[in-house]
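What follows is a single structure, written as structure tokens, with notes after it.
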Amino acid sequence: MSKSLSGKTALITGSTSGIGLAYAKALAGEGANIVINGFGDPDAIETERVGLEALSGAKALYCGHDLTKVDQIEAMMKQAADMFGGVDILINNAGMQHVAPVEEFPIDKWDLIIALNLNAAFHTSRLAIPYMKSKKWGRIIQTASAHSLVASPFKSAYVTAKHGLAGFTKTVALEVATDGITANCISPGYVWTPLVENQIPDTMKARNMTRDQVMNDVLLAGQPTKEFVTAEQVAATALFLCSDAAANITGANLSIDGGWTAQ
Ligand code: NAD
């Protein structure tokens with residue numbers, strides 16, 4: 001039986017763990033070729049890659065490029081195009097975080113976060129759009145964040161990058177509106193992934209709190225449901241955005257944040 005994304009190719013940046021891996025599994029489940037990207041243990045990544053092929057019955061390619069570097073982004077997009085002809089579904093998901101007051105924020109961390117969380121989405125998009133236009137079909141999805149809509153202290157680079165990503169996405173949506181291509185942000189609240197787990201020690205330091213206080217008084221404090229969002233819930237939304245039913249959803253910023261930004 002043909003699946004809804006058979007014959008399509010999805011490239012998901014930062015998909016060796018967390019939300020990105022959940023996207024990869026969801027889209028593979030609908031038969032798409034998958035390009036995964038990110039860092040991690042080579043054996044674990046190969047196991048995931050083989051698992052994606054088993055799920056999709058199609059191909060999965062791993063690209064370990066560092067997306068803070070423009071030449072590496074170009075190399076990844078070329079590798080994907082050489083293997084699959086081009087990318088039909090682009091999910092810009094790779095991201096990193098650093099938690100510190102502005103006056104102490106390390107300059108190299110600021111530059112890396114802007115490069116990965118914002119600039120990389122510009123570069124992948126500019127390289128993916130010509131093929132999408134030629135096919136008269138495409139989906140560009142950004143993992144933005146509740147922090148594309150509201151701020152939190154000590155996350156200046158991240159909040160800046162995510163607000164920028166939201167503006168970039170609206171602009172792209174307008175530019176490609178008559179080409180069968182949609183561009184949208186998905187904005188999760190807190191999802192329990194390594195990115196969140198890793199920021200707990202710095203947040204404990206920046207706010208002089210215990211681990212439990214960070215979990216309850218910082219992370220879940222603003223999330224009215226008092227639950228972490230799951231990566232699978234985020235991935236299910238991306239799958240919907242890839243469907244024909246979502247063809248007129250473009251330039252949107254879809255919150256999945258347990259009510260955080262409704263307040
Ligand atoms: P994660 O740390 O589990 O995954 C990050 C991925 O990015 C990994 O695959 C990692 O290897 C990859 N990566 C890191 N640096 C890279 C680089 N230089 N080049 C290429 N890949 C790189 O984190 P996650 O929570 O799954 O985050 C995924 C996205 O979701 C990020 O953009 C993040 O900002 C966003 N987000 C996360 C949450 C949350 O609560 N977890 C909430 C809102 C938005």
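Structure data summary
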| quantity | calculated |
| --- | --- |
| Residue in the range 109-128 that is more than 15 Å from the ligand (Cβ to nearest atom), over 20 Å from the mean Cα position of the chain (by Cα) and surrounded by fewer than 16 Cβ atoms within 10 Å (Cβ to Cβ) present | no |
| The range 219-249, residues that are in contact (Cβ under 8 Å) with a residue 40 or more places away in the chain and of a type in the set (A, V, I, L, M, F, W, C) | Val229, Ala231, Val234, Ala235, Ala236, Ala238, Leu239, Leu241, Cys242, Ala246, Ala247, Ile249 |
| Residue that is most open to solvent (accessible area, probe 1.4 Å), among those in the range 147-188 that are outside any helix (DSSP H, G or I) and out of contact with any strand residue (DSSP E or B) (no Cβ under 8 Å at 6 or more places or on another chain) | Thr178 |
| Hits in the range 5-49 - residues which are surrounded by 18 or more Cβ atoms within 10 Å (Cβ to Cβ), of a type outside the set (Gly, Ala, Ser), within 11 Å of the ligand (Cβ to nearest atom) and within 23 Å of Ala144 (Cα to Cα) | Ile12, Thr13, Thr16, Ile19, Leu21, Tyr23, Ile36, Asn37 |
| Some residue of the range 151-165 being basic (Lys, Arg) and without any contact (Cβ under 8 Å) to a residue 24 or more places away in the chain | no |
| So Leu67, is it without any contact (Cβ under 8 Å) to a residue 60 or more places away in the chain, touching a strand residue (DSSP E or B) at 6+ places or on another chain (Cβ under 9 Å) and more than 25 Å from Gly7 (Cβ to Cβ) | yes |
| Which numbered condition Gln72 misses (of (1) free of Cβ contacts under 8 Å to residues at least 24 places away in the same chain; (2) away from the ligand (no atom under 15 Å from the Cβ)) | (2) |
| Selected residue (criterion: farthest from the ligand (Cβ to nearest atom)) from residues of the range 129-146 that are of a type in the set (Ser, Thr, Tyr) and surrounded by 19 or more Cβ atoms within 10 Å (Cβ to Cβ) | Tyr131 |
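Per-residue answers, yes or no, for (1) in contact with a Lys or Arg (Cβ under 8 Å, 6 or more places away or on another chain); (2) of a type outside the set (Asp, Glu); (3) open to solvent by less than 30 Å² (accessible area, probe 1.4 Å):
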| residue | (1), (2), (3) |
| --- | --- |
| Leu55 | yes, yes, no |
| Ala60 | yes, yes, yes |
| Cys63 | no, yes, yes |
| Leu67 | no, yes, yes |
| Val70 | no, yes, no |
| Phe84 | yes, yes, no |
| Asn93 | no, yes, yes |
| Ala100 | yes, yes, yes |
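The values are calculated or read from the model by the stated rules, or taken from the named source; none is laboratory data. None of the values given here were measured: they were computed from a predicted structure. In this analysis, Cβ positions are derived from the backbone assuming ideal geometry, glycine residues included, and neighbour counts consider all displayed protein chains. Please note that ligands, DNA and RNA were not included when accessible areas were found on the heavy atoms of the full protein model with its side chains. Shrake-Rupley method; radii C 1.70, N 1.55, O 1.52, S 1.80 Å.
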